[in-house]
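The values are calculated or read from the model by the stated rules, or taken from the named source; none is laboratory data. Keep in mind that this is a model prediction, so the values were computed, not measured. As a convention, Cβ positions derive from the backbone with ideal geometry for all residues, glycine included, and neighbour counts pool all protein chains shown. The accessibility values were calculated without ligands, DNA or RNA, using every heavy atom of the protein model including side chains. Shrake-Rupley method; radii C 1.70, N 1.55, O 1.52, S 1.80 Å.
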Amino acid sequence: TSDSCGAVLPVVCDPPPGTVLPCGSHTVTCTVTDVAGHETVCQFTVTIVCIQFIRGDANSDGRHDISDPVFILLDLFVGSVVSLCDDALDANDDGDKNLSDAIYLLNWRFAHMEPPPAPFPMCDLDPTEDDFRCESFGGSC
């Protein structure tokens, strides 16, 4: 933003750009002040839509079975499937989508190890912060 003399003016927003906001509606207030002290304030609403999912239900079919680790492996190594909810593929909830997620599900199903962390076994929001988001989770939630 610049004033009538061409000076570049800083825009200050609260919350500042880059802030990770939780689910829900949030008011953002931005202020710009020129060298003469004239201030302009703008407010707008940002709505963060969060999708419920079931951790480990990689293919979003509402079941936990052998197709889920296979789906993860196809996503990682073949690219023949597209996940719209990478959070569901993060079966061990370590904040990363990798081979350990498929192994985690196989260990849970066949070696009677720990089940996936929440949200599991029912649909819910992710209780942990990570960089994954769900665009969609099919018809199982």
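General remarks:
- Residues (hydrophobic (A, V, I, L, M, F, W, C) and crowded, with 17+ Cβ neighbours inside 10 Å) located in the range 107-124: Trp108, Phe120
- Selected residue (only one of Asp87, Asp68 is open to solvent by less than 30 Å² (accessible area, probe 1.4 Å), more than 29 Å from Gly24 (Cβ to Cβ) and either out of contact with any Ser or Thr (no Cβ under 9 Å at 6 or more places or on another chain) or not in a loop (DSSP other than H, G, I, E, B) (or both)): Asp68
- Evaluation of Ser100 against (1) small (Gly, Ala, Ser); (2) more than 20 Å from the chain's Cα centre (by Cα); (3) modelled with pLDDT of 95 or more (one fails), failing number: (2)
- Whichever residue in the range 2-56 is part of a strand (DSSP E or B) and touching a Phe, Trp or Tyr at 6+ places or on another chain (Cβ under 9 Å) and, among such residues, is nearest to Asp87 (Cα to Cα): Phe53
- Applying the condition of being open to solvent by less than 60 Å² (accessible area, probe 1.4 Å) and of a type in the set (A, V, I, L, M, F, W, C) to the range 29-42 and asking which residue is farthest from the chain's Cα centre (by Cα) yields Val32.
- Looking only at the range 1-28, residues that are open to solvent by less than 40 Å² (accessible area, probe 1.4 Å) and at pLDDT 95 or above come to 3 in all.
- Considering the conditions (1) exposed (fewer than 14 other Cβ atoms within 10 Å of the Cβ); (2) in contact (Cβ under 8 Å) with a residue 24 or more places away in the chain; (3) part of a loop (DSSP other than H, G, I, E, B); (4) not charged (D, E, K, R), Ser60 is excluded by exactly one of them, (1).
- If you go through the range 43-57 and keep only what is surrounded by 15 or more Cβ atoms within 10 Å (Cβ to Cβ) and at negative phi, you end up with Ile51, Gln52, Phe53, Ile54, Arg55, Asp57.
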